[in-house]
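Heads up: the structure comes next, in C-alpha cells.
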Amino acid sequence: MTAAVTGRVPARELIAAVARGFTELPGRAGAAAVNGPIGWSGYDEARARARERTGETEAVVCGIGDAGGTEAVLIAFEFGFLGGSIGEATGERIENAFITARDLGLPVVSLIASGGSRMQEGMFALTQLQRIARQLVRLRAAGLAHLAVLAGPVTGGGWATLGAGADVRVALPGAQVGFAGSRIRPAGADPRAYSAEGQFAVGQVDEIVPARELGPAVARWLALLTRPAPGPVPPPAALREVPPPESGWQAVTTAREAGRPRAESYLAAYFAERAPLGGTDPGILCGFGLRDGRSVAYVAQCGTATTPAGFRAATRLVRLADRLSIPVLTLVDTPGAANDAEAERDGVGAAIADTITAVAGCRIPVTTLLVGEGGSGGAVALTSPGHTWVTPDSYYSVVAPELAVAILKRGPDQVPFTADELRLRPQDLAELGIARGIVSV
C-alpha cells in the first residue's frame, strides 16, 4: 500500500489489501441542498474538488468482499475526501452497510481514516455519530463481529464510534489515533498518546499490523471471530505428573514452585494459533485461539495478583465471546486479587463484580482449569460453576492459609494445620464437588 507511514491510504487501496471480489453497495453522492444542510458557503465547490481529486462521490466506500475466506461487509474511508469526515451522506452509507451485514449475517470490517464529523454540515454531521452508534448496537445484538482497521488518521467521531466501538481494533504503525485531532489538542500534549502505539500501550488497540501484513491479519481475526468451536471445550491436559499431595500445605507449596508449568505453556500446548487482545495487566492473558480449526476464547492468569485492569480485560473478553457464541477457556492461577491502595482506588471490587457476573451470565459454555494457585475472590471471578477441573499441582482456597491464620488470630506455626482444615487439595476439591476432576498428563 502507498503512504503506509502517514496512514493516508486511498480507500480502494485499503479494500484491495484485505479483500478480493469486492462488490460496491450503492450510495447517494451527498447533500442535495445548495451548500449542504446548513448552507455553508463554498461547501459545494469543496465537495466538487474532493470528487475530482479522489474519484469518489463521498468520504466512504462500502461493499461486500472476501477477506481471506470470510465474506464480510467492508466500510472504507477515503481521507482525501474532506479528511474522511462524516456527514449525512456518509452516515447513510455506513448505516446501509450495517443493515446489509445484519440482513446477510456477515461480519463488518471498518477501514478507518477519518478526522471525525464534517464541520460544514454542523449539528447534522454530529448526529451521524448517534446514527452509527445505533447500528453498532444492532450489529452486536445480532451476534455479528466488527473488526476495525485504524489506517489513520482516526480522530474525533471516527475513533469514538467505529474505531473504539469495534470488537477488535488493529492499527497500522505510526497511525494517528485519538479523540483529539492534531490541530485541537492541548499545547505541549505528548504526541505518543495520540498514536497507534500509545493506544496499544494502554490497551485501546489490540494489535499493530505492518501494512504488508494487513490482509493476513484481517483474515486471521475474521476466522477467529466467526468460526466458533462446539462447546463446552475440554480442559487442557496436565503438563506434569506429580503424586497427590499428602497435606494441604504440601498442595500449597507444590503450586507455588517456581518451575511449575504456567498459563503460557498451557495455552501453547492447547492452541495451534492465538491472537491476543490488548490489556495493561501483564499477569492476565486474553484473546482467541484456534483449536482443530475452530475458535475458542481464553482468559489466563499468570500467577500474579490480578489488577482491576486485568479483570476489566477479562470481562471484555468473556462478554465478547458470549455475544459471538464462542466458547471460553479460563486458566486460573493467582494468589488473589490485587489489594493495595492503588487497586482500591482503581475499583478492584467493582472490577471483580463485573467479571464474576460476566462469567455467571454467559449463555455459552465456560470451561475452567485451575493450573496453580486458586486464591479467594481473584480466582473465583474466573471460575465456571460446574465446569471446573484442576491440575495435580494446584490448590483452591477461600483464602490463603497464611491469611486465614491472621484472620483467625492463630500463630504462624498453625499455617500447615489450617491448610489441612481448608480442604484445598486437588483431591479434596474433586471429592467436595467443587471440581469435576483432576486432569492427567
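The values are calculated or read from the model by the stated rules, or taken from the named source; none is laboratory data. Quick caveat: nothing in here was measured; it's all calculated off a predicted structure. Glycine gets a Cβ as well: all are built from the backbone with ideal geometry, and neighbour counts include every protein chain shown.
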> Taking P235 and the conditions (1) modelled with pLDDT of 95 or more; (2) farther than 16 Å from V371 by Cα; (3) in contact with a strand residue (DSSP E or B) (Cβ under 8 Å, 6 or more places away or on another chain), which numbered condition does it fall short on, given that it satisfies the others?
Replying inline: (2)
> A29 fails exactly one of the following numbered conditions: (1) over 20 Å from R93 (Cα atoms); (2) modelled with pLDDT under 90. What is the number of that condition?
Replying inline: (1)
> When you go through (1) among the aliphatic types (A, V, I, L, M); (2) assigned by TED's automatic domain parsing to the domain that holds A343; (3) touching a residue at least 60 places away in the same chain (Cβ under 8 Å) one by one for V242, which number turns out not to apply?
Replying inline: (2)
>> Going through A148, A72 one at a time, which residue ends up being in contact (Cβ under 8 Å) with a residue 40 or more places away in the chain and either in the same structural domain as A321 (by TED's automatic domain parsing) or surrounded by 23 or more Cβ atoms within 10 Å (Cβ to Cβ) (or both)?
In response: A72
> Does the range 310-332 contain at least one residue that is over 27 Å from G198 (Cβ atoms), assigned by TED's automatic domain parsing to the domain that holds R425, over 17 Å from the mean Cα position of the chain (by Cα) and of a type outside the set (G, A, S)?
Replying inline: yes
> Can V299 be described as under 13 Å from G378 (Cβ atoms) and under 13 Å from the mean Cα position of the chain (by Cα)?
Replying inline: yes
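Yes/no matrix, rows are residues, columns are (1) modelled with pLDDT of 95 or more; (2) surrounded by 24 or more Cβ atoms within 10 Å (Cβ to Cβ); (3) outside any helix (DSSP H, G or I):
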position: T280; (1), (2), (3): no, no, yes
position: T304; (1), (2), (3): yes, no, yes
position: A321; (1), (2), (3): yes, yes, no
position: D333; (1), (2), (3): yes, yes, yes
position: A343; (1), (2), (3): yes, no, no
position: A351; (1), (2), (3): yes, yes, no
position: I356; (1), (2), (3): yes, no, no
> Picking from E92, E88, which residue would you name as being in the same structural domain as G116 (by TED's automatic domain parsing), more than 14 Å from E13 (Cα to Cα), in contact with a helix residue (DSSP H, G or I) (Cβ under 7 Å, 6 or more places away or on another chain) and not polar (S, T, N, Q)?
Replying inline: E88
> Here are some residues: A406, A353. Which one is farther than 25 Å from V233 by Cβ, within 34 Å of the chain's Cα centre (by Cα) and free of Cβ contacts under 8 Å to residues at least 24 places away in the same chain?
Replying inline: A353
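Within the range 46-67, work out how many residues are in contact with a strand residue (DSSP E or B) (Cβ under 9 Å, 6 or more places away or on another chain) and in a loop (DSSP other than H, G, I, E, B).
Number of matching residues: 1.
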>> touching a helix residue (DSSP H, G or I) at 6+ places or on another chain (Cβ under 8 Å), surrounded by fewer than 20 Cβ atoms within 10 Å (Cβ to Cβ) and not in a strand (DSSP E or B): which single residue out of P216, P261, P244, P232 fits that description?
In response: P244
>> Can you say whether V168 is in the same structural domain as G198 (by TED's automatic domain parsing), in contact with a strand residue (DSSP E or B) (Cβ under 7 Å, 6 or more places away or on another chain) and closer than 18 Å to P276 by Cβ, as far as the supplied structure shows?
In response: yes
> Are there any pairs with C-beta distances below 9 angstrom linking a residue in the range 129-143 that is at positive phi to a residue that is at pLDDT 95 or above and surrounded by 15 or more Cβ atoms within 10 Å (Cβ to Cβ), with the two at least 6 apart or on different chains, and if so which?
Replying inline: G143/R323; G143/L324
> Under the condition of being touching a Pro at 6+ places or on another chain (Cβ under 7 Å) and not in a loop (DSSP other than H, G, I, E, B), which residue from the range 71-100 is farthest from L324 (Cα to Cα)?
Replying inline: E88
